[in-house]
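No value in this document is a laboratory result; all are computed from the given coordinates. It should be emphasised that the depicted structure is a prediction, and the values quoted were computed from it without experimental measurement. All Cβ positions, even for glycine, are placed from backbone atoms using ideal geometry, and neighbour counts span all protein chains on display.
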Amino acid sequence: MSGGSIGVAWDIDGTLVDSEPLHERALRAVCARHGADLSDFDPDRFTGLHNKKVWAILADRLAGRITRTAWLGEIEDYYEEHKDEIAPTPNAVSTIQALAKRGVLQACVSNASRRTVDTNLAALGIDTEIAFSLSLDDVIRGKPDPAPYHQACLGLGLACSNVFAVEDSETGIASARAAGLTVLGFNGTGGRVGLADHIIDDLALVVDLIGRTRDA
């Protein structure tokens, strides 16, 4: 990394909150409500994909049963109705707080809708520690396109080479790598992170990695 400030861009679902099972339940429940059987899909088939892309995959099964807009809304409704099930991953909040105390600039970069991002951030309670959050609604293209991470680095005022991304999915890792960030793959929630620059199983390790980078 080049000299100057360092930033961290956090994925949310599966990284800061262990929410992927709830997203999966929401998807399957809404599809079942409208007569679409998803039993032939692997459980992790849609992990890391934004719901607009999931709709594109499932559109043939849902055609004539529900509109895209209504389907997206029902999934968000289900997720919010079950928000009490959302819990931070171990050491997520304490790590963000520790980095903030060290002056590390932080943002959240999600492939979820603004409504879902706000629900997750409320569960985390990190509004004062992060500079801003980006949802799928805030970017021109979602992950795996590099656009979300390019926009995050621009918002932080940092070169992409000076920002770490923390991701738990192949989709997110591809996005961050294409944007030129150093990617920390978090496998604490069972994500596929083999293409990350570094793999961690505890978010607390991010503090040590940032510290070593600053001291180098």
Original post:
Of Gly155, Ala204, Ala92, which is farthest along the charge dipole of the chain in the positive direction, counting Lys and Arg as +1 and Asp and Glu as -1 at C-beta?
Top reply: Gly155
Original post:
By counting other Cβ atoms within 10 Å of each Cβ, how are Phe186, Phe41, Phe164, Phe46 ranked from fewest to most?
Top reply: Phe41, Phe46, Phe164, Phe186
Original post:
Can you give the helix-only mean residue ellipticity at 222 nm for the chain, where every DSSP H stretch with n ≥ 4 adds -39500 (n - 2.57) and the sum goes over all residues, rounded to the nearest 500 deg cm²/dmol?
Top reply: -13000 deg cm²/dmol
**OP:** Neighbouring Cβ atoms within 10 Å as the yardstick, rank Val8, Val139, Val30 fewest first.
**Re:** Val139, Val30, Val8
Subject >> Separation in nanometres of the label points that stand 7 Å from Cα toward Cβ, at Asp197 and Ala56 >> reply: 2.8
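Taking K and R as +1 and D and E as -1, what net charge do the other residues with C-beta under 11 Å from the C-beta of Arg61 add up to?
On the way: positive: Arg65; negative: Asp37, Asp40, Asp60.
The answer is -2.
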Subject >> Computed E for Glu81/Asp44 - FRET, C-beta separation, R0 30 angstrom, nearest 0.05 >> reply: 0.80
